[in-house]
1. Of all residues in the range 41-55, which are hydrophobic (A, V, I, L, M, F, W, C) and surrounded by fewer than 24 Cβ atoms within 10 Å (Cβ to Cβ)?
2. Scan the range 4-14 and tell me whether some residue there is among the hydroxyl-bearing types (Ser, Thr, Tyr), out of contact with any Lys or Arg (no Cβ under 7 Å at 6 or more places or on another chain) and not in a strand (DSSP E or B).
3. Of all residues in the range 334-361 being among the acidic types (Asp, Glu) and within 28 Å of VAL192 (Cβ to Cβ), which is surrounded by the fewest Cβ atoms within 10 Å (Cβ to Cβ)?
4. Within the range 281-311, which residues are crowded, with 17+ Cβ neighbours inside 10 Å and closer than 17 Å to PRO345 by Cβ?
5. Could you list all residues from the range 31-89 that are over 19 Å from VAL196 (Cα atoms) and in contact with a Gly (Cβ under 6 Å, 6 or more places away or on another chain)?
6. Return yes or no: is VAL321 closer than 24 Å to CYS77 by Cα, aliphatic (A, V, I, L, M) and either assigned by TED's automatic domain parsing to the domain that holds THR157 or out of contact with any strand residue (DSSP E or B) (no Cβ under 6 Å at 6 or more places or on another chain) (or both)?
7. Restricted to the range 154-182, and to residues that are of a type in the set (A, V, I, L, M) and within 28 Å of THR47 (Cβ to Cβ), which residue is surrounded by the fewest Cβ atoms within 10 Å (Cβ to Cβ)?
Amino acid sequence: MTIAAHTLGCKLNFAETSDLIRRFTLAGWQQTDFDSCADLYVINTCTVTAIAEKKCRNAIRQAIANNPEAIVAVIGCFAQNAADEIAHIDGVDIILGNDRKHDLLNYVNKLLENKTTYEVKSTHNGLGKTDFHIAYSHADRTRTFFKVQDGCDYFCTYCAIPFARGRSRSASVAETVAVAREIAESGSKEVVLTGVNTGTFGQEHNETFLDLVKALDSVEGIERYRISSIEPNLLTDDIIKFVAKSRAFLPHFHIPLQAGSDKVLKLMHRRYDTSFYFNLLQKIKTLMPDACIAADIMVGFNGETDDEFERVMQYVNTLPVSYLHVFTFSERPNTAALKLGERIPIHHRREHSRRMQELSEHKKAQFYREQQDTTRPVLWESDVKDGMMYGFTDNYIRVRRPKDEQLVNTITPFKLSTFVESDEVFE
């Protein structure tokens, strides 16, 4: 029996999909490409934007078209929030939200035994504080996405994720470190810590994210850690100071901004203001001048007039960010934003997004040029294109060199000499 999977959305989803694939392969299934004819298709879905949901629907229909006789399982956030809608798509056999998707193998086995459709509709009511399942990815020899936290208690006004993933929860530090040791034994050199609201790790165990960071830093065999995303108000001075002097945590931060306006931040129910965010980034750069800092920013949220957006552009331009993840505001069902203020026309949102993307490209090129002629440690990956192999520096700069199979999954010093702007890579 063959299984094919398609993952949409965040690194957390990729970690969970990979973990599911591992369970199926241990049970005797063989993994194949999503474009091929498989016996089982798994679509791990995202609901963060309307575009993400559209991609989910397209992936479902693609799977059905690839093999109309296959089992099609739709799991994850979109499945959690829109089970009724998905159930009306002919050809979908299993619908599992985040509360049950970890048990997909059992549901598939029951379907195969019964030879009938075994549809499971999910509701977010089943997502409890203690319902947490550690997962990590397996596909990449060099880098592992490690799910250390799930859910969120913040309920920002634009966000449907708390409805899809439930309240914040995690395992204990000891349990998480035990899994990190498993990852180390697999040979992966770099681990990316993922979660929905990673900084709230451990709160139900009277532990903190800093406790976890300190414990993971001592795990032998793992040479690099990246923190995939952490809320500004949860990135404490102690965490920054520890990362700056740690053995394995890298000078690379992903810190959501979401809005460059205090007015809009309040409407979003974010837990900081623009002054706090600016000072936070200055602290990082003071201790780690070469640190790469990425920021999520949303454009077109309620209240973002053209004048407001111009002020946002000016503010973001002052930030020492290395690049931006730009999102266009998309109304989500059941969120408080639906009742807030005047909505911004779609064409304004698109124009704001285009301009913010341009600023991001400028910021990234500026950061890369600042690093030119420096020497940084690079972890080399197995991907090869046109005879060139690729890797990332500790501060997340993409580099390439002629293929050398012996370098795969090793870390070597590399001088950033020539910047190829068209490919955003050094060689």
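The values are calculated or read from the model by the stated rules, or taken from the named source; none is laboratory data. Computed from a predicted model, the values in this text were never measured in an experiment. Glycine gets a Cβ as well: all are built from the backbone with ideal geometry, and neighbour counts include every protein chain shown.
1. Here is the first cut: in the range 41-55, the ones hydrophobic (A, V, I, L, M, F, W, C) are 42-43, 46, 48, 50-52.
Matches in the range 41-55: CYS46, VAL48, ALA50, ILE51, ALA52.
2. Within the range 4-14, the subset among the hydroxyl-bearing types (Ser, Thr, Tyr) is 7.
Subset that is out of contact with any Lys or Arg (no Cβ under 7 Å at 6 or more places or on another chain): 7.
Checking which are not in a strand (DSSP E or B) leaves us with none.
No.
3. Here is the first cut: in the range 334-361, the ones among the acidic types (Asp, Glu) are 342, 351, 358, 361.
Remaining after also requiring within 28 Å of VAL192 (Cβ to Cβ): 358, 361.
Numbers: GLU358: 12, GLU361: 14.
Step by step, filter the range 334-361, then rank; the result is GLU358.
4. Once the filter is applied, which keeps residues that are crowded, with 17+ Cβ neighbours inside 10 Å and closer than 17 Å to PRO345 by Cβ, the range 281-311 yields MET298, VAL299, GLY300, PHE301, ASN302, GLY303, GLU304, GLU308, PHE309.
5. Residues satisfying the conditions are ILE64, VAL72.
6. On the way: closer than 24 Å to CYS77 by Cα: no; aliphatic (A, V, I, L, M): yes; either assigned by TED's automatic domain parsing to the domain that holds THR157 or out of contact with any strand residue (DSSP E or B) (no Cβ under 6 Å at 6 or more places or on another chain) (or both): yes.
Answer is no for this residue.
7. To start, the set of residues in the range 154-182 that are of a type in the set (A, V, I, L, M) comprises 160-161, 164, 171, 173-174, 177-180.
With within 28 Å of THR47 (Cβ to Cβ) added as a condition, the list becomes 160-161, 164, 171, 179.
On the way: ALA160: 25, ILE161: 26, ALA164: 27, ALA171: 23, VAL179: 17.
Checked the range 154-182; the qualifying residue surrounded by the fewest Cβ atoms within 10 Å (Cβ to Cβ) is VAL179.
Conditions (1) assigned to a strand (DSSP E or B); (2) within 14 Å of VAL192 (Cα to Cα), marked per residue:
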position	(1), (2)
LEU212	no, yes
SER218	no, no
GLY221	no, no
ARG226	yes, yes
ILE230	no, yes
ASN233	no, no
ILE239	no, no
LEU250	yes, yes
